[in-house]
Each structure stands twice: as C-alpha cells, then as structure tokens.
1. Can you list the lysines whose alpha carbon is less than 28 Å from that of K278, not counting same-chain residues fewer than 8 positions off?
2. Let me spell out the model: positive unit charges on the Cβ of Lys and Arg, negative unit charges on the Cβ of Asp and Glu, origin at the Cα centre of the range 136-245. What dipole size does that give, in debye rounded to 20?
3. Can you pull out the trypsin sites (Lys or Arg not before Pro) in the range 85-132 whose DSSP state is coil and whose Cβ has at most 15 other Cβ atoms within 10 Å?
4. How big is the shadow of the Cα convex hull of the chain, averaged over all directions, in nm²?
5. Could you work out [θ]222 nm for the chain from helices alone, using -39500 (n - 2.57) per DSSP H run of at least four and dividing by all its residues? Round to the nearest 500 deg cm²/dmol.
6. Exactly which trypsin sites (Lys or Arg not before Pro) in the range 308-404 are in a DSSP loop and have at most 15 other Cβ atoms within 10 Å?
7. First measure r as the distance between the Cβ atoms of D157 and F477, then evaluate 1/(1 + (r/R0)^6) with R0 = 25 Å and state the FRET efficiency to the nearest 0.05.
8. Among G166, F332, Y68, pick out the residue whose Cα is farthest towards the positive end of the charge dipole of the chain, where Lys and Arg carry +1 and Asp and Glu carry -1 on C-beta, about the Cα centre.
Amino acid sequence: MNRKFIECLRAEILFGWVFVLTLLLLILIPQAMSATQTQRRIEEEIRQELEQTELEVSEGKGGLVFDYGGWFNVRYLDYDEDDNDFSSPDTIDYTSFVDLRFWLKATLKPPLEASYKNEHSFYLRLKDLYSESRPVHTAGGCDHDGPELDYAYLILDLRPYWLKIGRHYFSAGRGIAYSNVNDGIEFDLRFSNWGFKAFGSKTLPNEENIDMSVPGYEKESDRYYYGLEYSYLGLPQQIFYAYALIQRDYSNEIPEDVNHDYDYDSEYLGLGARGKIKSAFSYWAEIIRQTGESFVYDTNEKKDIDAWAGAAGVTYESDACMHPSVTFEYAFGSGDKDRTSVTNTQNGNTSGRDKNFLYFGYIPTGYALSPRLSNLHLYRLGVRLNPLEKITLFRNFTFGIDYYRYYKDKIRGGIYDPEASEDNDNIGSEIDVSAVWQILSDLRLTIQYGHFMPGDAYSVNSDDSEDYFSISAVLMF
C-alpha cells in the first residue's frame with residue numbers, strides 16, 4: 001500500500017476515536033443560548049439547503065414540466081445558562097422541532113426546435129412546524145405553526161432580464177444589511193461582464209418587529225425595503241459590487257402609544273468584493289454605511305443615524321489528506337455609548353446621533369452567544385476537514401471547529417446580550433464544534449455544540465459560561 005495512504009488512514013482512525021470521546025463528553029455537559037438569533041440561523045441553514053430545489057434544472061423536452069419533493073427535519077436543542085447565571089433558572093431548558101416542507105416547481109420549457117431558450121417557472125413551498133419547549137411556564141410549551149406558505153413566486157425569463165414576483169428570499173450584497181423571505185418584486189439584468197438588480201419588498205404578515213419595545217411587536221412588523229445593486233464580473237473569478245438600500249418603517253403600535261414614536265427609517269450604502277486568488281484561496285469583503293432617523297424614547301426627539309459595519313474574510317482550501325480548509329474572518333458593527341438595547345427604541349439612543357448599526361439581514365456569529373453585529377468586533381478562526389474520507393461509510397463526513405473572540409465597539413454601550421452591561425470592551429470568547437454526516441444522498445445527521453466564556457463586560461453575578469447543543473436529522477424526498 002502507498003505509505004501516504006496508510007498514514008492518512010491512521011490519522012483518520014485516531015480522529016474517529018477522538019471525535020467519539022468528544023461527542024460523549026458534549027452530550028454529558030449541560031447546554032444554552034439566544035433563542036431568537038438561533039431561529040434565524042436555523043432558517044438560514046434550511047434556506048441554503050433548499051435553495052437547490054429552486055435552482056435545479058427541470059428535465060423535459062419542452063412544454064410544462066413539473067418537479068416536486070419534500071424536506072423533513074427532526075431537531076433537538078438543549079440550552080443552559082442563557083442568562084450567564086448558575087443561581088437562576090433558565091427561561092428555556094430545551095426545545096424540539098418537527099419541520100416538514102413540501103415544494104412544487106412548474107417550468108415552461110421551449111420546444112426543442114425553438115430558437116429561444118427562455119424558461120418561465122413557478123415555485124411553491126409549504127411549511128408545517130411543530131415545536132415543544134420546556135419549561136412550559138416560561139418557554140411556552142407546545143406550538144403548531146402551519147401549514148403556511150413558505151415560498152411562492154413566479155419567474156419570467158425575458159433574457160437578458162428576469163422578473164421575479166411573489167414571496168421569496170431577497171438580499172443586498174452579502175445579506176448583512178438586508179436579507180429575508182419577504183413579499184415583493186425583483187428585476188435582474190444580466191450580461192457577461194456586469195449585472196444589475198432592483199427590488200421592492202415588504203415584511204410578511206404577522207412577522208415580529210425587530211424593535212421589541214413597540215407595543216404589540218409580536219403581532220406586526222410593517223417594513224418596506226427598496227434596493228439597487230450593481231455587479232461587475234469583468235475579471236476572472238472576481239465579483240465587485242455596490243448597492244443602495246432604503247428601509248421604511250410603517251409598523252403600528254397595538255395598542256397605540258400616543259406618548260412615544262417608534263419609527264426607525266434607515267438607508268444603507270454598501271461596497272464589496274468576493275472571489276478567488278489562484279485556486280486555493282477565496283476571499284470576501286464588504287463595508288456598509290448606514291444613515292437615517294430614529295427616535296429618542298423619553299423625549300420623542302428625532303435623531304440622525306450615523307453608523308458603519310463591515311466584514312472581511314479569507315479561506316484556504318487544501319488538497320492534502322482530509323482536505324482541510326482554514327478560514328479567518330473579521331466583522332464589526334458600530335455602537336452607541338448611550339444605548340442599552342441595540343434593537344429597541346426604549347433603552348435605545350438617549351442623545352446625539354444614533355451610531356448603533358441596526359440591520360435587517362444576517363451574519364453568523366456563533367452558536368452560543370450568537371450576538372447581533374451591533375456595537376461588536378468579531379474575530380473568527382475556523383477549520384473544516386473530512387477526517388474519515390478514506391472510509392466509504394464516512395466519506396461525506398465533515399468536522400469543523402470555530403474559535404470566536406468578541407469585543408465591544410463602544411465600551412459604555414450595550415450589545416445584543418443585555419447581561420454584558422459592564423464598562424469593559426472584553427465580551428468574551430467562544431468555541432463551536434460541528435459534525436455533519438451525509439449518510440445517504442437524501443439523509444443527513446448534524447451535531448452542533450457551542451461554549452461561550454464571558455469576559456469582563458459581564459458582572460460577577462452573570463459571568464457563568466453558556467452552552468448550546470443541537471442534534472438534527474434531515475430527510476429529503
């Protein structure tokens with residue numbers, strides 16, 4: 001046998017034992033986290049996985065072609081010390097989910113003899129979610145959400161431009177400033193060296209308001225988004241882009257609060273790039289300028305927004321044994337020294353310009369602490385590898401570990417976790433571990449664990465570690 005192959009196989013067997021022992025240890029450790037951010041992260045993971053059902057090419061010689069399928073997920077989440085205090089009981093102990101989604105895609109394909117290639121399509125996806133959270137008196141118990149409309153949109157292929165109408169995923173740039181499933185319309189113009197996108201969208205009915213100080217925030221979030229984006233693709237394996245985004249808040253208070261205004265209107269300008277350097281390195285970078293107007297809760301004064309954010313990273317992928325990849329990422333969102341809450345009007349900005357970066361998109365920030373990118377500097381070092389690739393059964397097994405370091409932008413300001421209330425920039429650090437085993441082409445098992453260690457931004461009464469554990473099985477059919 002090849003010596004290199006034998007050495008690689010020995011390394012994989014050793015890693016297998018280490019992984020099994022680590023997994024047993026993690027299962028025995030108490031677990032934890034921020035539920036709202038967790039839900040958004042899970043939805044992002046689901047969206048990315050089911051995106052292939054939207055993009056895959058329908059087979060057929062011509063005429064109307066139908067494709068359909070389903071996605072079934074069973075997931076268990078275990079939490080521990082989400083308030084960083086061992087002496088107080090947790091609001092949420094554990095949550096289990098059963099998530100079922102059905103999709104249907106109809107594509108109108110041109111006849112074989114046609115001189116054009118336009119393919120119009122309609123995509124529909126339904127969602128049915130059952131969850132159970134404990135303890136009942138604080139976590140809510142059982143909840144059944146659905147069946148409801150997850151996605152429903154029509155694509156008119158009028159090359160070189162496309163029109164997308166209905167409920168689907170909208171985004172600007174990397175999706176930090178704005179990305180979500182909303183109702184609206186999107187126009188795309190695509191050429192070999194450049195592209196242009198324009199969209200208008202609205203939050204879904206009964207969507208929760210990001211500002212939880214608004215009376216009835218859980219019943220309505222009436223926000224509108226308008227975006228323009230230009231992309232330059234003239235260089236090999238490189239994309240440069242710029243976008244402008246407007247967000248307008250028409251949310252109502254339920255019941256109406258005549259003493260306070262909660263409107264938050266914002267604009268975003270973004271510049272970014274992504275691509276490859278040679279074949280082993282890939283990179284991304286984006287800088288965001290935020291302007292707009294927000295209200296001071298106590299005085300109802302309208303103040304200008306003056307905020308910044310950005311993210312940059314690089315990944316190295318190797319063809320060596322186990323195919324390791326290493327990623328380094330930095331991200332930041334400006335903060336406001338007056339704010340206790342980074343999302344709410346109440347406990348928000350109290351004087352002067354509002355320098356807090358408040359966004360309507362998503363960026364992954366860890367499993368356990370899972371903070372928003374507001375008043376935050378984040379550093380991440382991550383490693384991914386296929387440790388058992390020489391063993392047929394585990395060929396599609398991926399192991400990952402990430403180390404996060406968090407700091408405040410403004411020492412006196414708050415972050416998404418209200419427990420980090422001390423005038424200190426050291427929020428803490430976190431270690432995340434993930435294992436993904438694609439057992440079959442349509443069956444996958446995923447385990448995720450996060451451990452957050454608070455820094456000096458937490459008081460002595462709330463500086464206990466947080467833990468998060470998740471195990472999930474997905475079946476596609």
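1. K4, K390
2. Numbers: 9 positive and 15 negative charges, 139 e Å.
Charge dipole, the range 136-245, about its Cα centre: 660 debye, nearest 20.
3. On the way: sites: R101, K105, K117, R125, K127; in loops: K117.
Passing sites in the range 85-132 are K117.
4. On the way: hull surface 99.7 nm².
Taking a quarter of the hull surface, the average projection is 24.9 nm².
5. Working: 3 runs with 51 residues, N = 477.
The helix contribution divided over the chain gives -3500 deg cm²/dmol.
6. Details: sites: K337, R339, R353, K355, R372, R380, R384, K390, R395; in loops: K337, R339, R353, K355, R372, K390, R395.
The qualifying sites are R353, R395.
7. Working: r = 28 Å, r/R0 = 1.12.
Given R0 = 25 Å and the Cβ-Cβ separation, E is 0.35.
8. Y68
Quick note: the coordinates plus some simple rules give every number you see, no bench work behind them. Please read all numbers here as calculations on a predicted model, not as lab measurements. With ideal geometry, Cβ positions are generated from the backbone for all residues, glycine too; neighbour counts draw on all protein chains shown.
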